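Q: Got a structure for you, written out below as structure tokens; questions coming shortly.
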Amino acid sequence: RWLAAGRASRRLVLVVVFVALLLDNMLLTVVVPIVPTFLYTTEYEGANSSVVSALTESAPPALKGPPFSSIFSYFDTTTVTVSGSTSAMELANGMASSPPPQPPTSSPPPPSGCLEGQEVLAKENVRVGLLFASKALVQLVVNPSVGLLTNRIGYHIPMFIGFIIMFLSTVMFAFSGTYTLLFIARALQGIGSSFSSVAGLGMLASVYTDDFERGNAMGIALGGLALGVLIGAPFGSVMYEFVGKSSPFLVLAFLALLDGALQLCILQPSKICPESTRGTPVVTLLRDPYILVAAGALCFSNMGVAMLEPTLPIWMMQTMCSPKWQLGMAFLPASISYLIGTNLFGILANKMGRWLCSLIGMAVVGISLLCVPLAKNIYGLIGPNGGLGFAIGMVDSSMMPIMGYLVDLRHTSVYGSVYAIADVAFCMGFAIGPSTGGAIVRAIGFPWLMIIIGVINIAYAPLCWYLRNPPAKEEKIVSFKYTLCP
């Protein structure tokens, strides 16, 4: 009876989607403070230590003896210094030699507490950016296929497939020790995330048919996304500093198993008639200008934080000499404010107008990004990052329900394809952001990167006005979402 009641409960469906988004985004952000320092430790410091050990082993025995020695000559009453120090006999005879000149250094030493190898850190921006972007790039390619699959077989089976792939990716992260294996694990996460997010959001839209209820449910589900982002980066930095690299991923793998057990107990595949699930083609949805405006708002607002993820920790290591635990804590204000914003504006956005909420949110995103380079320490990042997270929460909690509303208003009420488009827009931000952000930082610097993406968000914000009152198509026929086969 409990299982039967659970399968019929909309709240338990919301819980499953909440947990799936939570784990996905914890894995998304837990690597943010770990990967830059892990690659620096394994590649730069490892290479230096191997060079030093090789030089020590190849040194001749004479160099391994005492550092200072003297030779007495029977043909002269002086002492000749061999290596650097002045002997007592030289002092007596007044024949001390000056110390050898030191070779000139190519660059000044880093400030106290900062990491050495600044050129290595600069180059690492590009590699870390490509690693972070690989997940979104793969997800970008897989999303349209997942949208079509959910339209044909329902949402439950794709969601469970996403859980399996996410579990494999998490375990691979725990035991990967090279850049190549980390890259493969990140790309594999993109496939699992595509199944989980598209199927989960589509499931919520099909269960919550009322527009107001759907907006509240989407806000709660995005709260799971926000909580994952909130916990991920600080959790990863603290665990990596005090326990080790594998520990946070093993904890996430255990939580993923619990989520899979919850899905098996509560969810069941629905048997859907193929003729009743034919939704609007993806190409037709992509030609809808209102859907494109909403997708663009999702893309550009999230692109700002996507650019921060690979570049901000390295910038902090270079300019603030920040320890490992601070690299993840810097994202804590953004995560907390995003959690507040999604839950608060999931309700308020429907009252004040979702278009207005999104317009204000994008403007605040741009202003917050412009203020990030002004910070001189981690405390200076609290205000800009807090405003950034709150504003992105405003945009996400407004645009996700609008996507479902536009399909109800202008197309067939089948949601797999439209939420595949929403996830594609989200992934484009997280694909273009890290991959281009690292190259831009290396070319013109981190402050200019923040200026560019901040101005783009401010310039795009007025386009949200077009979502104020989108027209309905005359031939739109109101019908049920699905008709179950007898």
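Coordinate-derived values only; no laboratory data. As the structure is a computational prediction, the values presented were derived from the model and not from experiment. Because the Cβ atoms are built from the backbone with ideal geometry, glycine has one as well, and the counts that use them run over all protein chains shown.
Q: Can you list the residues of the stretch 333-374 with backbone N under 20 Å from a point 7 Å past the Cα of Leu409, pointing along Cα to Cβ?
A: 345-362
Q: Ranking request for peptides 194-206, 164-176: highest mean number of other beta-carbon atoms within 10 Å first, then the rest in descending order.
A: Final packing ranking: 194-206, 164-176.
Q: Right, something else. Using θ = phi - 60° and the Karplus form 6.51 cos²θ - 1.76 cosθ + 1.60, what ³J(HN,Hα) does each residue of the stretch 339-346 get, whole Hz, x for Gly and Pro?
A: 4, 5, x, 5, 6, 6, 8, x
Q: In whole angstrom, how far apart do the alpha carbon centroids of the stretch 398-423 and the stretch 329-391 sit?
A: About 24 Å separates the Cα centre of the stretch 398-423 from the one of the stretch 329-391.
Q: Also, quick follow-up: Suppose the chain between Val243 and Ile367 were pulled fully straight at 0.36 nm per residue; how much longer would it get relative to their current alpha carbon spacing?
A: This chain segment gains 40.9 nm when fully extended.
Q: So, in nm, how far is label Ile452 from label Leu344 when the simple model puts each one 7 Å beyond its Cα toward the Cβ?
A: Computed distance between label sites Ile452 and Leu344 equals 3.2 nm.
Q: Further question on the same structure: Pop the C-beta distance of Ala261 and Arg10 into the FRET formula with R0 = 22 Å and round what comes out to the nearest 0.05.
A: Calculated value: 0.60.
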